[in-house]
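Below is one structure, written out as structure tokens, with a few remarks after it.
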Amino acid sequence: MVESARTPLDSDEPADGMDRATPPAAAPNWRVPALAGIAIALLVGVVFMVTRSTGNDGPDASAEPSATVGSAMAGPVADVVVSKEALASVPDSVDLSTPENAVRSYLDWSSYAYRTAQSSAAIPTMSTYQEVRVDAGIQGYIQKGCLLDMKVVSLTFREPREDAERVHVPVRESWEYSYVSISEPGKVISGPHEVTYEATYTVIPQGDDWVVDEVKSTALDPVVAPPDSSK
């Protein structure tokens, strides 16, 4: 059994808020941070400004935006305040040398992207196809007035299967996740919750590296949907 950091980021079953097969805004049920195959045309047009915080007591009034999510899409601007602790929780490194290491890095950096509303942080670990799904998943949470903060409890990698130039990596993963306010940095509005998934990561070569191109998973436990704090 291999332990590492990951999140309910990829699932075909309703989960904490990420949807792999359908965009969060259109999915009938919230899915784990799985971000499934969603078309760009289905993405919700909203621009999100992420601002730094002075701590958990509230945002710095003079803080400058630290990142923009979905800047290529038209729509109203929504301020997202992220705690300094979340911004500082950057994964140690990116290792794309093998399919398994690529999955580990994807989970580490996707979790960070969801926690900080900065999908660009995980770009080196995934294909453009998966990037669209991750970005849509983050936007879906923000529309609900929250961010997804998740961490891996355990990962168990099984025998990978090669298919042409793709490698399918089966993983049994357990997560702990919470929903955090986008207006009060660090404030947990739901959680922590736990969920276990059976997932398969499709990894493809990109130059000398491997990146995640698709994620399919099934939740083995009920997934708590994000509360709608946007109203």
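The values are calculated or read from the model by the stated rules, or taken from the named source; none is laboratory data. Everything numeric in this text was worked out from a predicted model, so none of it was measured. Cβ coordinates were reconstructed from backbone atoms using ideal geometry, including for glycine residues, and neighbour counts include every protein chain displayed.
Checking the conditions here, which among Gln139, Gln206 is buried (at least 24 other Cβ atoms within 10 Å of the Cβ) and touching a residue at least 12 places away in the same chain (Cβ under 8 Å)? One residue alone meets the criteria, Gln139. Only one entry of Thr200, Thr196 meets the criterion of being out of contact with any Ser or Thr (no Cβ under 6 Å at 6 or more places or on another chain), modelled with pLDDT of 95 or more, of a type in the set (Ser, Thr, Tyr) and under 25 Å from Asp221 (Cβ atoms), and that entry is Thr200. Restricting attention to the range 185-195, does a residue exist that is under 23 Å from Tyr129 (Cβ atoms) and under 17 Å from the mean Cα position of the chain (by Cα)? No - not one qualifying residue is present in the range 185-195.
On the basis of being crowded, with 24+ Cβ neighbours inside 10 Å, small (Gly, Ala, Ser) and in contact (Cβ under 8 Å) with a residue 60 or more places away in the chain, does Ala117 make the cut? Spelling it out, Ala117 is indeed crowded, with 24+ Cβ neighbours inside 10 Å, small (Gly, Ala, Ser) and in contact (Cβ under 8 Å) with a residue 60 or more places away in the chain.
I'd like the full set of residues that are of a type in the set (Gly, Ala, Ser) and either within 24 Å of Glu100 (Cβ to Cβ) or free of Cβ contacts under 8 Å to residues at least 24 places away in the same chain (or both), limited to the range 142-157. Answer for the range 142-157, where residues must be of a type in the set (Gly, Ala, Ser) and either within 24 Å of Glu100 (Cβ to Cβ) or free of Cβ contacts under 8 Å to residues at least 24 places away in the same chain (or both): just Ser154. Tallying residues that are small (Gly, Ala, Ser) and surrounded by fewer than 16 Cβ atoms within 10 Å (Cβ to Cβ) within the range 180-203 yields 1.
Residue count for the range 135-152, restricted to those that are of a type in the set (A, V, I, L, M, F, W, C), more than 10 Å from Ile182 (Cα to Cα) and more than 9 Å from the chain's Cα centre (by Cα): 2. Of the residues examined, Val167 is one that is in contact with a helix residue (DSSP H, G or I) (Cβ under 7 Å, 6 or more places away or on another chain), closer than 16 Å to Val103 by Cα and not hydroxyl-bearing (Ser, Thr, Tyr). Screening Tyr177 on (1) touching a residue at least 24 places away in the same chain (Cβ under 8 Å); (2) under 21 Å from Asp221 (Cα atoms); (3) of a type in the set (Ser, Thr, Tyr); (4) surrounded by fewer than 20 Cβ atoms within 10 Å (Cβ to Cβ) shows it passes everything except condition (4). Of everything listed in (1) surrounded by fewer than 18 Cβ atoms within 10 Å (Cβ to Cβ); (2) over 17 Å from the mean Cα position of the chain (by Cα); (3) at pLDDT below 95, the single unmet condition for Pro170 is (3).
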